[in-house]
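The values are calculated or read from the model by the stated rules, or taken from the named source; none is laboratory data. Predicted model, so just to flag it, every value in this text is computed and none were measured. Glycine also receives a Cβ, built like all others from the backbone with ideal geometry; neighbour counts cover every protein chain displayed.
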Amino acid sequence: MVLLLLYVSQTREDIKRLKFLHAADLHLDSPLRGLERYEGAPVDEIRSASRRALENLLDLAIEEKVDFVLIAGDVYDGDWKDYNTGLFFVNCMRKLEVADIPVYLLSGNHDAASVITRKLRLPDNVHEFSNKKPTSFSIDALNVAIHGQGFATRAVTENISEAYPQGDPQSFNIGVLHTCLDGKPGHDPYAPCSVEGLRAKDYQYWALGHVHTREVVSNDPYIVFPGNIQGRHVRETGSKGCTLVHVEGGVIQQLEHRALDVMRWVRLALDVSSSSTAEEVYEQLREALLEAQDNADDRSLAVRVILTGRTDAHQLLLAEREQWIQEYRSLATGLGGAGIWIEKVAIRTTPNVSLDELYASNSAIGGLLNSIANIDLEDAAVMADLSNELKPLQLKLPPKLATGDDPYDPTSLDAIKEALSDVRQLLADRLISTRAEP
């Protein structure tokens, strides 16, 4: 056993220094949802964001002189509307071919073999993993073996990683896989597997895709989701990009997240309790937007503003809601820099009055407030009842609203909590205005 470990160590040390990029979930030509309908929105920038992010990936690969690029699924966002999407990707791969950089890619659920009906021949530097069984590619000059399998259909629910070969002890082994791993909130359960199962293959690096949030799941071995390269809606906030991996002597020395996105999403929750007038709220938002801009690495920002807190400005903000929302949008677009656009404004402030007094009201509205306050959102049975009550509404939703990457599900816990919060706020406002009437 000792001799075997020594042998493996010696062969790994013979592996040359190498550097590669791991990317996933390019979703070419996927739109950025929630901005185009607003006057003054950067329509061209929105439509081209995924393409420009891929161009940033090419520039990085060439600048860093990487040995190869891995793409772990979902190059496309679904079937092409026309050939332009495919032509753009082919031309990008040709730029890497000119730079003598090979690419290893597999298909994910969005670009599975059964989903993409149009095809274009890829350049010779692009190596595609089979969709039928695991495929292995060897880079002899680097002592690297890369293993992977793509999706034949959109919904692959079996653990395809089980059939991947055992790692070659004389090589640096990489597994490429589009997977939900052991389950990730908000992601379909495709190609499920476990950290223990991946670890048993004796690979040095697992290049995963499908989950759009960057995560280093394990460092023994390294199991990494790089996230997508461009956020597409407000649930995909923060820096988006790829992972640059440095290897020396068969051992990973460093992982670097490199940002590729051109427009960044931000959820800006702003407590305006310290502001007593609508003008003060406006100024507080100005400062918060400037701070977000300073932290954006010169990227454009798409911002969802959520105003919270007890404030004397509450009634005016609600009474003139549309006016103030447009004032905030005008404020954002006038701040200069790379640009800020407001995707949505949620006014969730509360009146600066005693809530206990409101709840103590003997009115019907006060009774309803108490009923809502007494709902136990942690009680599974209560939540199941509420969810069942809302199922008829779910069935009536338009398909565009109920499906896609950012669907609305009125029966979900988050949606129910948000609805109860809105109802509670409306009732409180109504009770306050009723009490103020002569």
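For the stretch 130-153, the tally of residues that are in contact with a Leu (Cβ under 7 Å, 6 or more places away or on another chain), under 25 Å from residue 115 (Cα atoms) and not in a loop (DSSP other than H, G, I, E, B) stands at 1.
Considering each of 173, 219 in turn, give the residue that is surrounded by fewer than 23 Cβ atoms within 10 Å (Cβ to Cβ), out of contact with any Cys (no Cβ under 8 Å at 6 or more places or on another chain) and of a type outside the set (Ser, Thr, Tyr). Break it down stepwise before answering.
On the way: 173 fails: surrounded by fewer than 23 Cβ atoms within 10 Å (Cβ to Cβ).
None of the others qualify; the one that does is 219.
Filter the strands (runs of 3 or more DSSP E) completely within the stretch 193-236 down to those with at least 1 residues that are of a type in the set (Gly, Ala, Ser) and more than 22 Å from residue 156 (Cα to Cα). Where strands (runs of 3 or more DSSP E) fall fully within the stretch 193-236 and carry at least 1 residues being of a type in the set (Gly, Ala, Ser) and more than 22 Å from residue 156 (Cα to Cα), they are 215-219. Residues of the stretch 274-310 that are among the aliphatic types (A, V, I, L, M) and not in a helix (DSSP H, G or I): 296, 301, 302, 303, 305, 306, 307.
Which of the residues belonging to the stretch 311-324 are under 12 Å from residue 281 (Cα atoms) and either of a type outside the set (Asp, Glu) or assigned to a helix (DSSP H, G or I) (or both)?
Taking the stretch 311-324 and keeping what is under 12 Å from residue 281 (Cα atoms), we get 311-314, 316-317, 324.
If the condition is that a residue be under 12 Å from residue 281 (Cα atoms) and either of a type outside the set (Asp, Glu) or assigned to a helix (DSSP H, G or I) (or both), then 311, 313, 314, 316, 317, 324 are the ones that fit.
Tell me, please, whether a residue that is surrounded by fewer than 15 Cβ atoms within 10 Å (Cβ to Cβ), closer than 28 Å to residue 90 by Cα and assigned by TED's automatic domain parsing to the domain that holds residue 67 can be found in the stretch 147-156. Yes. Would you say residue 75 is surrounded by fewer than 21 Cβ atoms within 10 Å (Cβ to Cβ) and on the phi < 0 side of the Ramachandran plot? No; evaluated as a whole, the condition is false for this residue. Considering only the stretch 192-217, state which residues are of a type in the set (Ser, Thr, Tyr), over 19 Å from residue 105 (Cβ atoms) and in contact with a strand residue (DSSP E or B) (Cβ under 8 Å, 6 or more places away or on another chain). Scanning the stretch 192-217 gives a single hit, 213.
Checked against (1) crowded, with 19+ Cβ neighbours inside 10 Å; (2) over 19 Å from residue 25 (Cβ atoms), residue 130 passes all but a single condition, namely (1).
Within the stretch 214-244, how many residues are farther than 21 Å from residue 173 by Cα and of a type in the set (Asp, Glu)? Explain how you work it out, then say what you get.
Here is the first cut: in the stretch 214-244, the ones farther than 21 Å from residue 173 by Cα are 214, 227-241.
Imposing the further condition that a residue be of a type in the set (Asp, Glu) reduces the set to 236.
Going through the stretch 214-244 one residue at a time, the tally reaches 1.
Residues in the stretch 232-250: is at least one acidic (Asp, Glu) and either within 19 Å of residue 212 (Cβ to Cβ) or touching a Pro at 6+ places or on another chain (Cβ under 6 Å) (or both)? There is at least one residue in the stretch 232-250 that is acidic (Asp, Glu) and either within 19 Å of residue 212 (Cβ to Cβ) or touching a Pro at 6+ places or on another chain (Cβ under 6 Å) (or both).
Results for (1) in contact with a strand residue (DSSP E or B) (Cβ under 6 Å, 6 or more places away or on another chain); (2) farther than 15 Å from residue 306 by Cα; (3) in the same structural domain as residue 234 (by TED's automatic domain parsing), shown as yes or no for each residue.
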site: 248; (1), (2), (3): no, yes, yes
site: 252; (1), (2), (3): yes, yes, yes
site: 255; (1), (2), (3): yes, yes, yes
site: 268; (1), (2), (3): yes, no, no
site: 272; (1), (2), (3): yes, no, no
site: 277; (1), (2), (3): no, yes, no
site: 281; (1), (2), (3): no, no, no
site: 284; (1), (2), (3): no, no, no
site: 288; (1), (2), (3): yes, no, no
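If a residue has to be of a type in the set (Gly, Ala, Ser) and farther than 28 Å from residue 133 by Cα to count, how many in the stretch 53-109 make the cut? Let's see the steps before the verdict.
Let us first name the residues in the stretch 53-109 that are of a type in the set (Gly, Ala, Ser), namely 53, 61, 72-73, 78, 86, 99, 107-108.
From what is left, the residues that are farther than 28 Å from residue 133 by Cα are 53, 61, 99.
Selection size over the stretch 53-109: 3.
Among the charged types (D, E, K, R), over 30 Å from residue 332 (Cα atoms) and surrounded by fewer than 22 Cβ atoms within 10 Å (Cβ to Cβ): does that describe residue 111? No.
When residues in the stretch 102-146 are screened for being of a type in the set (Gly, Ala, Ser) and touching a Ser or Thr at 6+ places or on another chain (Cβ under 7 Å), 4 of them pass. Every condition in (1) over 30 Å from residue 62 (Cβ atoms); (2) touching a Gly at 6+ places or on another chain (Cβ under 7 Å); (3) surrounded by fewer than 20 Cβ atoms within 10 Å (Cβ to Cβ) is met by residue 237 except one, and the failing one is (1). In this structure, residue 90 does not satisfy being β-branched (Val, Ile, Thr), assigned by TED's automatic domain parsing to the domain that holds residue 163 and either surrounded by fewer than 14 Cβ atoms within 10 Å (Cβ to Cβ) or assigned to a loop (DSSP other than H, G, I, E, B) (or both).
Return yes when residue 339 is of a type outside the set (D, E, K, R) and touching a residue at least 40 places away in the same chain (Cβ under 8 Å) and no when it is not. If you could, list the steps in order and put the result at the bottom.
Numbers: of a type outside the set (D, E, K, R): yes; touching a residue at least 40 places away in the same chain (Cβ under 8 Å): yes.
It is true that residue 339 is of a type outside the set (D, E, K, R) and touching a residue at least 40 places away in the same chain (Cβ under 8 Å).
For residue 284, the test of being at pLDDT 90 or above, closer than 19 Å to residue 266 by Cβ, more than 26 Å from the chain's Cα centre (by Cα) and not β-branched (Val, Ile, Thr) is passed.
What tally of residues in the stretch 159-192 results from selecting those that are part of a strand (DSSP E or B) and out of contact with any Leu (no Cβ under 8 Å at 6 or more places or on another chain)? Working first, answer last.
From the stretch 159-192, those part of a strand (DSSP E or B) are 172-178; that's our starting set.
Next, from what is left, pick out any that are out of contact with any Leu (no Cβ under 8 Å at 6 or more places or on another chain): 173.
Adding up the residues that qualify gives 1.
Any residue at all in the stretch 94-103 that's of a type in the set (Lys, Arg), at pLDDT 95 or above and not in a loop (DSSP other than H, G, I, E, B)?
Quick first cut of the stretch 94-103, residues of a type in the set (Lys, Arg) only: 94-95.
Going one step further and asking which of them are at pLDDT 95 or above, we end up with 94-95.
From what's left, not in a loop (DSSP other than H, G, I, E, B): 94-95.
So far as the stretch 94-103 goes, yes, one or more of its residues are of a type in the set (Lys, Arg), at pLDDT 95 or above and not in a loop (DSSP other than H, G, I, E, B).
Considering only residues in the stretch 375-406 that are modelled with pLDDT under 70 and in a loop (DSSP other than H, G, I, E, B), the one that is surrounded by the fewest Cβ atoms within 10 Å (Cβ to Cβ) turns out to be 376.
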